[in-house]
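In what follows, a structure is listed as structure tokens, so that the remarks can point back to it.
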């Protein structure tokens, strides 16, 4: 099937990774539905030269909002081929200072948003008997540094969810995968770590290349995978 027929939802569409993913998929001919929590944050996507078919404001921590996003995309285009959930959050704190609010925030931003949008998408993909769902985990999910217990636990939860969903959905040919970036080369991370070797970080465009592969039929044999994307070594 030609990618020019694909309809793909990209959440967190105005973020660094979201923008790179939207741009690449649009360039490949996807009809892209870009989603973000606040309307003003979508301005950068709306004004970009690439073709975007729809822009939706939604807080995906709310399951009803996630359902509305997917329903709007499906109603407009009559199909749904892929979902890329780039929504997430990061925070650090020593274990003695990481109270329940931090843990709840990390799980809400990283796990609950993914579950909500994937569940809504699966209901539409089942009718077509195909689809690709992509989550963003992180390298610390495999081995957590000091101060990242809540974040790493949440991203580990994303991986376990992806594995379970993939097993459940194999008979319906709906694939579910995760990518595990190291530090992403963004203006925010450069400002936070000005003395780091930025050449070793992974660029959003490199991650978008991996995402585009996982959306495409070229990756039809890949499901339940957590793919590390560490950048240059």
Test for residue 42: is it assigned to a helix (DSSP H, G or I) and either within 18 Å of the chain's Cα centre (by Cα) or modelled with pLDDT under 75 (or both)
yes
Quick check on segment 207-217. Is at least one of its residues assigned to a strand (DSSP E or B), in contact with a helix residue (DSSP H, G or I) (Cβ under 8 Å, 6 or more places away or on another chain) and within 23 Å of residue 23 (Cα to Cα)?
no
If we keep only residues of segment 90-131 that are in a loop (DSSP other than H, G, I, E, B) and touching a residue at least 40 places away in the same chain (Cβ under 8 Å), then the residue nearest to residue 216 (Cα to Cα) is 130
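Listed residues 125, 161; which is buried (at least 20 other Cβ atoms within 10 Å of the Cβ) and within 26 Å of residue 9 (Cβ to Cβ)? It would help to see each step written out before you state the result.
Numbers: 161 fails: buried (at least 20 other Cβ atoms within 10 Å of the Cβ).
Every option except 125 fails the conditions.
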Search result, residues across segment 167-178 that are in a helix (DSSP H, G or I) and either in contact with a helix residue (DSSP H, G or I) (Cβ under 8 Å, 6 or more places away or on another chain) or free of Cβ contacts under 8 Å to residues at least 24 places away in the same chain (or both)
168, 169, 171, 172
Going by the conditions given, is residue 56 more than 12 Å from the chain's Cα centre (by Cα) and surrounded by 18 or more Cβ atoms within 10 Å (Cβ to Cβ)?
yes
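Let's see how each residue does on (1) surrounded by fewer than 19 Cβ atoms within 10 Å (Cβ to Cβ); (2) in contact (Cβ under 8 Å) with a residue 12 or more places away in the chain; (3) within 18 Å of the chain's Cα centre (by Cα):
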site: 138; (1), (2), (3): no, yes, yes
site: 141; (1), (2), (3): no, yes, yes
site: 165; (1), (2), (3): no, yes, yes
site: 180; (1), (2), (3): no, yes, yes
site: 187; (1), (2), (3): yes, yes, no
site: 190; (1), (2), (3): yes, no, no
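I want to confirm something. Restricting to segment 73-89 and keeping residues that are touching a strand residue (DSSP E or B) at 6+ places or on another chain (Cβ under 9 Å) and part of a helix (DSSP H, G or I), which single residue is surrounded by the most Cβ atoms within 10 Å (Cβ to Cβ)?
So the residue we want is 73.
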Breaking point among (1) at pLDDT below 95; (2) in a helix (DSSP H, G or I), for residue 196
(2)
Members of segment 141-157 found to be in contact with a strand residue (DSSP E or B) (Cβ under 9 Å, 6 or more places away or on another chain) and either part of a loop (DSSP other than H, G, I, E, B) or modelled with pLDDT under 95 (or both), listed by number
141, 142
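The values are calculated or read from the model by the stated rules, or taken from the named source; none is laboratory data. Bear in mind the structure is a predicted one, so any value in this text is a computation, not a measurement. All Cβ positions, even for glycine, are placed from backbone atoms using ideal geometry, and neighbour counts span all protein chains on display.
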